[in-house]
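Participant: Submitted below is the structure of interest, expressed as structure tokens.
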Amino acid sequence: MRSFELTERELGPVTVMVVAGSVDAITAPRLGEALASALAAGRSRLVVDLVGVDYVSSAALRALLAGVKGSRSAGGDLRLAGVTPAVAKVFALAGFDAIVQRFDDAEAAAASFG
Amino acid sequence: MADTLQLPATLDALGPIRAFVDAAASAAGLDHKASYRLRLAVDEIATNVITHGYEEAGLRGDLELQAWRNGETLTIILEDDAVPFDPTTLAEPDDLGTPLEERAVGGLGVFLTVHGVDEFRYERVARRNRNIFVMHRQGADDG
């Protein structure tokens with residue numbers, strides 16, 4: 001089990017958060033805070049790259065959902081990249097596929113903002 | 001046979017709990033997907049017990065886990081003496097198909113639990129909460 005890591009970079013107007021490890025009740029607040037900080041700084045086009053994430057619980061879904069709501073109300077969006085099959089199953093079970101757009105990698109997700 | 005784990009009910013317990021469940025799943029021969037579903041289920045319920053059952057109620061205590069396996073099933077039992085709570089009474093989220101703006105997120109963890117494991121039960125025994133998670137062992141045969 002990898003430990004939680006979060007790094008941030010900017011691709012033009014898009015903020016990409018690269019997450020690794022487990023996103024659970026302990027670590028999800030750190031993702032939530034990073035998303036809230038970006039939104040507070042006026043950056044509402046968000047990509048969360050989950051390629052290094054091997055585990056998510058409902059706490060991760062709640063943090064992402066808050067980011068989706070916040071970004072859309074600011075005229076942007078939150079899009080996902082690099083979702084591994086195990087994580088994708090949790091998203092599917094929770095009904096997230098109808099809500100959040102997914103892309104193969106962060107570059108494709110960032111480019112989708114046009 | 002049973003393996004057991006007892007530890008203080010704080011969020012720091014989640015890592016050791018997941019490791020315990022992973023080890024039990026591996027010993028029972030569960031595949032990767034089944035292991036993930038079981039780990040997620042125990043994690044969700046343990047998180048609820050720790051945050052709602054103990055911390056928000058101003059209580060301190062322990063979590064006790066047991067792993068039992070027989071020829072057909074792996075059973076994880078999670079016991080606590082926090083506030084009595086039966087997760088199966090939580091209504092399933094009925095808003096999964098509704099627009100994002102109207103969605104609530106309550107009960108999502110329990111939803112993932114109930115739909116992730118092959119069987120989930122709650123019992124109140126000797127003033128303790130007992131959450132029971134059962135997975136079928138698909139053809140694994142080390143008894």
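Participant: Hey, what's the Kirkwood Rh for the protein assembly as shown if you take every pair of different alpha carbons, in angstrom? Show your work: numbers first, answer last.
Facilitator: Numbers: mean 1/r = 0.0524 Å⁻¹.
Averaging 1/r across every pair of different Cα atoms and inverting gives 19.1 Å.
Participant: Using a 1.4 Å probe on protein heavy atoms, which residues of segment A:76-97 have at least 50 Å² less accessible area in the complex than alone?
Facilitator: A:Leu93, A:Ala94
Participant: Of the DSSP beta bridges with both residues in the protein assembly as shown, give the percent that are antiparallel, rounding to the nearest 5.
Facilitator: 70
Participant: Could you size up the charge dipole of segment B:3-136 around its Cα centre, putting +1 on the beta carbon of Lys and Arg and -1 on that of Asp and Glu, and report it in debye to the nearest 20?
Facilitator: Working: 12 positive and 23 negative charges, 70 e Å.
Dipole of segment B:3-136, to the nearest 20 debye: 340 debye.
Participant: Most fluctuating residue of A:Asp97, A:Asp49, A:Asp24 in a GNM of chain A with Cα springs under 10 Å: which is it?
Facilitator: Result for chain A, Cα springs under 10 Å: A:Asp97 fluctuates most.
Participant: Next up: If you keep only loop residues by DSSP, which trypsin sites (Lys or Arg not before Pro) in segment A:1-41 have at most 12 other Cβ atoms within 10 Å of their Cβ?
Facilitator: A:Arg2
Participant: A further question on this structure: What does the helix-only formula give at 222 nm for the protein assembly as shown: each DSSP H stretch with n ≥ 4 adding -39500 (n - 2.57), the total divided by the residues, and the result rounded to the nearest 500 deg cm²/dmol?
Facilitator: Roughly -10500 deg cm²/dmol at 222 nm, from the helical runs in the protein assembly as shown.
Participant: Tell me the relative contact order for segment B:3-136 as a rounded percent, counting alpha carbon contacts under 8 Å between residues six or more apart.
Facilitator: Once divided by the residue count of segment B:3-136, the mean separation gives 28 percent.
Participant: So, with a 1.4 angstrom probe, what is the percent of accessible area on the protein assembly as shown that is carbon and sulfur?
Facilitator: Summing carbon and sulfur atoms, their accessible area is 52 percent of the total for the protein assembly as shown.
Participant: Let me see the P(r) profile for segment A:32-77: every Cα-Cα distance counted, bins of 10 Å, each bin given as a percent of all pairs.
Facilitator: 28, 54, 18, 0
Participant: Let me ask something else about it. Quick one: grab the alpha carbon gyration tensor of segment A:4-111, order the square roots of its eigenvalues as a ≥ b ≥ c, and give me rounded if a/c is under 1.5, else prolate or oblate depending on whether a/b is larger than b/c.
Facilitator: rounded
Participant: Using a probe radius of 1.4 Å on heavy atoms only, what accessible surface per residue do you get for the protein assembly as shown? Whole Å² is fine.
Facilitator: Ligands and nucleic acids excluded, the figure is 45 Å² per residue.
Participant: Which distance in Å, rounded to a whole number, links the C-alpha centroids of segment A:61-83 and segment A:1-37?
Facilitator: A separation of 12 Å, based on Cα centres.
The values are calculated or read from the model by the stated rules, or taken from the named source; none is laboratory data. What you see is a predicted model; the values in this text were computed from it and never measured. Here Cβ is always computed from backbone atoms with ideal geometry, including for glycine, and neighbour counts include all displayed protein chains. Quick note on the areas: whole protein, heavy atoms, side chains included, nothing else; ligands and nucleic acids left out. Shrake-Rupley method; radii C 1.70, N 1.55, O 1.52, S 1.80 Å.
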